[in-house]
Amino acid sequence: MRFFPSRRKARSARLSRPAPRPALVAALVVAAVTLPVVAGCSSDSSEPAEPAATTATTTSEQTPATAVTVGSEGQVFNPAKIYADTVDGVISVSSIFGSENAGPFDARAAGGSGFVLSDNGEVVTNAHVITNGEGENRTAADRVFVEFKDGNVVPAEILGFDPFSDVGLLKVDPDAVDLKPLELADSDEVVPGQPVAVIGSPFGEDHSLSTGVVSQTGRSVRSLTDFQIEGAIQTDASINPGNSGGPMLDADGRVIGISQQIQTGSGASNGVGFGVPVNAIKASVDQLRENGEASYAYIGVSTQPLYPQLAEKLGLDAERGAIVAEVVKGGPAEAAGIRGGNDEITFQGGRYTTGGDVVVAADGEPVNRSEDLGRIIGGLRPGDTVSLEIIRDGEPVTVDIELRERPTALSGG
């Protein structure tokens, strides 16, 4: 995936179009099933211009019914109040690459959004807003500036960036501006149907508001590496280039995630946007504060979902789990003897790799979807041992795997 920069106040942009993904649902490995175009939410003013509308106005289709959209204390979802209470904590980000003479918001600057995390000047955005390059060659911007709602523009220091969760941590001088940190929610409590407010700078239109609902949780979306971001939040709130890193807010005005990418066939928002969940942001920021970088556990398998009808077709004594389609050569799973598939079938319109192990639990937690394995591994650390309960040749087997540090990119296998 490529993420293109945006010029402040630019009126148009065209999103990148990544290559199709392999037909495997990843468990901390290479991409998932083939999807329509997915693109990052920063934009590039060097791309040919196309007309683009502002997202500052909320439409009736986007506004949830007030009868069911209430906050934790019973209040009606009120986008105007949420905006008024939080907008001073939302910032626009401009990142300059390579030119000492470039201004903070000229055409050579990448643009995005972010929010104030703490009174000591910490600011959160997406990693792709403040970095450039691919894989191990991804580098930080030469200079970063942030703009506040009151018009103040101040320089920011990059404390670190995490390409796996697409999180960047900045710091501004806390004495230079009046900081309004936003409150963080628990993204594990987010449910489909709850209202969401998104604030950011789409197409350079700073501090714009759009609203919608949480369409689904637990999605797997592309990161800046060969791995997936697990637990992503899907929303129909309008997200466009320049929204990257801006907060997704619940009815209480708490951050549930940050806007990260959209799924589009047209180059603009089609009402399918995704955000990095705030619990992943918390875990990433904790590491970035300490080390300036983040590390994650790695198992080295690609999986496909097992469901009841497919299990019956395969004669398996389990209705749900993760079919191991491929084992990455030289990875932890291969070292532990995990087996990938050696055959392929077509069933109910899908193609499945068969003959390998089927994971039904990890560290005692059921694996009901292939994404569950990635989520469980994502909560562990390099050097930890995970115990997998698998079905092999029709028999239950337990395999212990020592996890390693996740690489940015995979080769071979």
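The values are calculated or read from the model by the stated rules, or taken from the named source; none is laboratory data. For clarity, every value in this text was computed on a predicted model and none was experimentally measured. Cβ sites come from the backbone with ideal geometry, for glycine too, and all protein chains shown count toward neighbours.
Odds and ends about this structure:
- Test: residue in segment 165-174 that is over 21 Å from residue 111 (Cβ atoms) and either surrounded by fewer than 16 Cβ atoms within 10 Å (Cβ to Cβ) or touching a Leu at 6+ places or on another chain (Cβ under 7 Å) (or both): yes
- Among the residues examined, residue 334 does not qualify as in contact (Cβ under 8 Å) with a residue 40 or more places away in the chain, of a type in the set (Asp, Glu) and touching a Gly at 6+ places or on another chain (Cβ under 9 Å).
- Residue under evaluation residue 65, criteria (1) modelled with pLDDT under 95; (2) in a loop (DSSP other than H, G, I, E, B); (3) farther than 22 Å from residue 198 by Cα, criterion not met: (3)
- Taking segment 353-413 as the region of interest, the strands (runs of 3 or more DSSP E) fully inside it that hold 3 or more residues being within 27 Å of the chain's Cα centre (by Cα), at pLDDT 95 or above and among the aliphatic types (A, V, I, L, M) are 358-362.
- The set of residues from segment 387-408 being among the hydrophobic types (A, V, I, L, M, F, W, C) and either crowded, with 20+ Cβ neighbours inside 10 Å or in contact with a Pro (Cβ under 9 Å, 6 or more places away or on another chain) (or both) comprises 388, 390, 391, 401, 403.
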